[in-house]
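The values are calculated or read from the model by the stated rules, or taken from the named source; none is laboratory data. Just so we're clear, the structure is a prediction, and the values are computed from it rather than from any experiment. Here Cβ is always computed from backbone atoms with ideal geometry, including for glycine, and neighbour counts include all displayed protein chains. Only protein heavy atoms, including side chains, enter the accessible area calculation; ligands, DNA and RNA are left aside. Shrake-Rupley method; radii C 1.70, N 1.55, O 1.52, S 1.80 Å.
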Amino acid sequence: MTWVNLTSIEQLDEIKNASGFSLIFKHSTRCSISMMARKNFEMDWDVIPEDTKLYFLDLISYRDISNKIAEVFQVAHQSPQVLLIKDGDCVLESSHSDISAEEVAEVIAS
């Protein structure tokens, strides 16, 4: 699997309007906790169905997109944070040590 870098508001509109599942991983490049959460997630992400689009947001570089994500999906800003989007709605939000590829896969399978 590979990340799609989330670098524009237009991509956020695509995620909101897409059918099926998309995942957004919000990452702070200045935070060791965020780096560890990303590493752990990537080690286990093979459990997530391959047709799930995985978006990666460097929230230091794209803070405006991070703020828009909080607004559009009605979640509090966290870093690191994973949002699982299904048909335009956030169906799972996890942050810090609660981020789990296995949990994402379980929600997709249910």
What per residue convex hull volume, in Å³, do the alpha-carbon atoms of the range 1-50 yield?
-> 84 Å³
Assign one of three labels to the range 55-100, namely rounded, prolate or oblate, based on the Cα gyration tensor with a ≥ b ≥ c the square roots of its eigenvalues; rounded applies when a/c is under 1.5, prolate when it is not and a/b is larger than b/c, and oblate otherwise.
-> oblate
Rg/Rh (Cα only; Kirkwood hydrodynamic radius) as it applies to the chain | 0.92
Please give the per residue accessible area of the chain, computed with a probe of 1.4 Å over protein heavy atoms only, in Å².
-> 53 Å²
Length gained, residue 36-residue 50, 0.36 nm per residue minus C-alpha separation, equals 2.8 nm
Hey, got a sec? Which GluC sites (Glu not before Pro) in the range 37-110 land in a DSSP loop and have at most 13 other Cβ atoms within 10 Å?
-> 50
Efficiency of FRET between residue 97 and residue 18 - r from beta-carbon atoms, R0 35 angstrom, step 0.05 = 0.80
At a 1.4 Å probe radius, carbon and sulfur cover how many percent of the accessible area of the range 43-89?
-> 41 percent
Taking the range 1-80, which trypsin sites (Lys or Arg not before Pro) meet the DSSP loop condition and have no more than 13 other C-beta atoms within 10 Å?
-> 30
